[in-house]
1. Once you've got the GNM for the chain with C-alpha springs shorter than 10 Å, pick whichever of K266, K133, K251 has the biggest mean-square fluctuation.
2. So for the pair E241, S26, with labels modelled 7 Å out along Cα→Cβ, what separation do we get in nm?
3. For L201, project a label point 7 Å along Cα to C-beta. Then give me every residue of segment 294-317 with its amide nitrogen under 17 Å of that point.
4. May I ask you to give the solvent-accessible area per residue for the chain, in square angstrom, as obtained with a 1.4 angstrom probe?
5. Given charges of +1 on the Cβ of Lys and Arg and -1 on the Cβ of Asp and Glu, with all other atoms neutral, how large is the dipole of the chain about its Cα centre, in debye to the nearest 20?
6. Over segment 14-156, with every protein chain in place, what whole percent of the accessible area is carbon and sulfur at 1.4 Å, could you tell me?
7. With +1 on each Lys and Arg Cβ and -1 on each Asp and Glu Cβ, how big is the dipole of segment 1-130 about its Cα centre, in debye rounded to the nearest 20?
8. How big is the Rg/Rh ratio for segment 50-200, C-alpha atoms only, Rh by Kirkwood, two decimals?
Amino acid sequence: MEKLRYGIMGTGRIVDRFVSAVRTSSEGEIYAICSRTEESARKKAAELHITTWYGSYEELVKDPDVDVVYVPTINFMHKEHALLALEHGKHVVVEKPMTLTHKDTKELFEEAEKRGRFIMEAQKSLFLPVTAKVKEWLEEGRIGKLNLMEYDIFVPDVSFQWFYHRDKGGGALLGSGNYIFSHAMYLEKSDLMELKGQAVLGDEVDLQCTFLMKFKDEVLASCKISTLAKGESRCVLYGTEGKVYIKDFWKAREAELIFRNGESEKIKFPEPFEMVYEVDHINACIRQGLLHSPVMDKEMSLSCARYTDLLYEDYYS
């Protein structure tokens, strides 16, 4: 069986890691890359040893040999570029956030369904072996009843300028909020009942924010994202009998289970290209003819977008 051929729409920093993950996967291969200029596309193609490149997004999606388009462009371009790929009959993987609003995210799913094409918001954290093991620990009651979740993300000194412009989809919440929303919802299966937040705003965007999520079974998730402070990015899950500690939870290769008596248990999965698990899942979904992922599903992406909309109403009111 031929491998699924990926076309990469853009040349941003995340592209290198995604390309490595696809090449590590069992069912995918990198076929082509494009950029807004031929020079940029050719340069990136040479760096990554990709033999086909295009100097426009339109040329890439018109290539009949491209099966799947990966969209890692600037946040505000995600909807436009995903629609372009869908209109040309491609399956689509869109980097988080899928779009800037719930309305636009819903439109993308509707378009993909109409055309019978797979679409998924990229969210590698849900496919990591660490996340699967932690979920297993929670379901087995290894830390007793889960009561509190803490999420901290620190991204100091953001270097790309579009991050500081609201119309381009910048800001702390849009940059990292989906990591927290999806991870918390995946581990905590009861419905979200309350969501409250605060933010520190720059000229146009939130530079740091906090929010509190309360779930139906009385679990609280206390969350903060900052581009102004330096600290340790982590997730800590507190239960009646112990806790789970995960450093850099969205790309974690290890986690520690710590019991109240001081004993602990560690797991490690030293895969160099952590996106490969997500790519393997995407490939399997497409092979099975699915339109949505059963893990990072339509409702998960719509919920992430809806929560972002609600928090921005708090932040900018």
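The values are calculated or read from the model by the stated rules, or taken from the named source; none is laboratory data. The model shown is predicted, which means the values in this text are computed figures rather than measured ones. Note that each Cβ is placed from the backbone with ideal geometry, even for glycine, and that neighbours are counted across all protein chains shown. When the accessible area is computed, the model is the full protein with side chains, heavy atoms only, and any ligands, DNA or RNA have been set aside. Shrake-Rupley method; radii C 1.70, N 1.55, O 1.52, S 1.80 Å.
1. Highest fluctuation of the listed residues: K266.
2. It works out to 3.4 nm between the two label points.
3. Output list for this probe position: 308-317.
4. Working: 14140 Å² over 317 residues.
Value for the chain: 45 Å² per residue.
5. Numbers: 42 positive and 52 negative charges, 73 e Å.
That gives the chain a dipole magnitude of about 340 debye.
6. On segment 14-156, the fraction of accessible area on carbon and sulfur atoms equals 48 percent.
7. For this selection, approximately 340 debye.
8. Result for segment 50-200 is an Rg/Rh of 1.02.
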